[in-house]
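Every number here is computed from the coordinates shown, using simple stated rules; none is lab data. Values in this document were obtained by computation on a predicted structure and should not be read as measured data.
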Amino acid sequence: LASARDYLRGVLPLKLQTTSQLASRLAELVVFDLPDDYFDHYRDRIAAVSGDDVRRVARENIHLDRLAVVVVGDADQIQDPIRALDLGPVEVHETPA
């Protein structure tokens, strides 16, 4: 968690270096209806995120009963090892030639 917090706090200034990047951040304010001072307090809010916060949000948003794992590769080579994991039904979809 500390590494993720440090990364997110540190990368923000790098995302505000060019006119294009700044325009993208301003667009986020509009699209997501965020307050004008959202990025002024972003780093403090990230620093305040706790492990309990992460677990709570994960429980609210990750529904294990609807989870899907997508694996791309040669079905002949990977199908049996994936089935051996016993994660649930395995569907194979061939791509058009």
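Details
- Choice from P35, P13, P81 showing the highest fluctuation, given a GNM over the chain with Cα pairs closer than 10 Å: P81
- Among the helices of the chain, none built from whole DSSP H runs has Cα atoms reaching 27 Å or more along its own axis together with a mean Kyte-Doolittle hydropathy of at least 0.5.
- Listed residues L64, L34, L85, most fluctuating in the chain (Gaussian network, C-alpha, under 10 Å): L85
- q = 0.12, 0.20 Å⁻¹, the chain: log10 I(q)/I(0) [Debye, one scatterer per Cα]: -0.72, -1.00
- Highest-MSF residue in the chain out of D76, D65, D36 [GNM, Cα springs under 10 Å]: D76
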